[in-house]
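Have a look at the structure below, then the notes.
The values are calculated or read from the model by the stated rules, or taken from the named source; none is laboratory data. Values in this document were obtained by computation on a predicted structure and should not be read as measured data. All Cβ positions, glycine included, derive from the backbone under ideal geometry; neighbour counts span all protein chains shown. Remember, those area values only see protein heavy atoms, side chains included, never the ligands or the DNA or RNA. Shrake-Rupley method; radii C 1.70, N 1.55, O 1.52, S 1.80 Å.
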Amino acid sequence: MDKNIKLIATDIDGTLLKKDYTCPTGLMECLENLEQKGVKVCLVTGRMHQAAIKIHQLLNLKNPLVSYQGGQINSADGKILYQKVLDKNCIKKAVKWAREKNIHLQLYFNDTLYAENDNEYIQRYSREQNVPYKIVNFDELNPEYSSKLLAVDFNNPETVSTWVNELQELFPDCFIVKSTPYFCEISHIEANKCDAVKFLQKYYNLADDEVLTIGDQNNDIALLQAGGVRVAMGNATDELKAVSTYITDTVDNGGWIKAIEKFVKF
């Protein structure tokens, strides 16, 4: 089915890459075919830029890269095209919340990952995302801004859902989202995947029906809402499937490739 798709805005983890962070069979060939056809593939991820750029380079992509949940967009040559960050007041308020509740909080400043405690959470995150980290006292660091704040609980994911409503009340002017079963993110109200894709749509001067969006987690609800064709992975959350226009196979079964073959005519 040819929808005249010219832009594919895609999540990475659980969508483009499998749970073990490897490429599904046939992915590189599919990406090469899209490149030859002139279809833009843009990664739209919650990952920090220095983690996302490694995937971007691995996949040999040549288009803008969206990181920090939509808070930053870099051109292929590294120029920042779009950036929305949290201010000092928001940071201090979030740090106070996390300390009082003994919640592990990560801070991202100047594309560097910071935490206050060198625990299993930051170690696992660093290992899985393949990024270094620094342990500091956030008060002493006193960052000018944060690209996002991330509350983490790998051991009790059921608690992460409770943080969303709580943080939405504390930060009504911020974008709060549960991005994985273990992560709750706080970012600028305009640092979301929908606003980022709409920026790219204007950047390329595209109509809504020329944009395909695809993801698997609740933070991808905003991503899907920006697309004319909205694809949920077979392994997606029920909430994401509810806003999709099409549900493809799982990531392990090549669902991304199957969706592209359905909507883009080669």
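Quick notes
- Some residue of segment 31-54 being in contact with a Phe, Trp or Tyr (Cβ under 8 Å, 6 or more places away or on another chain), more than 22 Å from Gln201 (Cβ to Cβ) and either at pLDDT 95 or above or of a type outside the set (S, T, N, Q) (or both): yes
- Contacts under 6 angstrom Cβ, first residue in segment 41-69 being closer than 13 Å to Gln129 by Cβ, partner assigned to a helix (DSSP H, G or I) and among the small types (Gly, Ala, Ser), 6 or more apart: Thr45/Ala52; Ser67/Ala52
- Inter-residue pairs, beta-carbon under 8 Å, first modelled with pLDDT under 95 and in segment 1-14, second of a type in the set (Phe, Trp, Tyr), 6+ apart: Met1/Phe263; Asp2/Phe263; Lys3/Phe263; Asp13/Tyr21
- Segment 161-189 - residue that is open to solvent by 40 Å² or more (accessible area, probe 1.4 Å) and in a helix (DSSP H, G or I) and, of those, nearest to Tyr82 (Cα to Cα): Gln168
- The residues on offer are Tyr114, Tyr108, Tyr125, and the sole one that is open to solvent by less than 30 Å² (accessible area, probe 1.4 Å), hydroxyl-bearing (Ser, Thr, Tyr) and either at pLDDT below 95 or in a helix (DSSP H, G or I) (or both) is Tyr125.
- Checking each residue in segment 230-260 for being touching a helix residue (DSSP H, G or I) at 6+ places or on another chain (Cβ under 8 Å), assigned to a helix (DSSP H, G or I) and open to solvent by 70 Å² or more (accessible area, probe 1.4 Å) picks out only Glu239.
- Counting only residues that are aliphatic (A, V, I, L, M) and closer than 15 Å to Glu35 by Cα, segment 50-73 holds 3 of them.
- Which numbered condition Ile247 misses (of (1) under 13 Å from Ile8 (Cβ atoms); (2) without any contact (Cβ under 8 Å) to a residue 40 or more places away in the chain): (1)
- Boolean, Glu158 is at pLDDT below 95 and open to solvent by 20 Å² or more (accessible area, probe 1.4 Å): yes
- Look at (1) open to solvent by 40 Å² or more (accessible area, probe 1.4 Å); (2) modelled with pLDDT of 95 or more and you find that Leu150 fails only one, number (1).
- Within segment 206-224, the set of residues being outside any helix (DSSP H, G or I), crowded, with 24+ Cβ neighbours inside 10 Å and among the aliphatic types (A, V, I, L, M) comprises Val211, Leu212, Ile214.
- When Lys40, Lys92, Lys88 are checked against the criterion of being within 27 Å of Phe263 (Cα to Cα) and over 14 Å from the mean Cα position of the chain (by Cα), Lys40 stands alone in meeting it.
- Of the strands (runs of 3 or more DSSP E) lying entirely inside segment 12-82, the ones with 1 or more residues being open to solvent by 10 Å² or more (accessible area, probe 1.4 Å) are found at 40-43, 72-74.
- Residue match in segment 91-109 (condition: among the polar types (S, T, N, Q) and touching a residue at least 60 places away in the same chain (Cβ under 8 Å)): no
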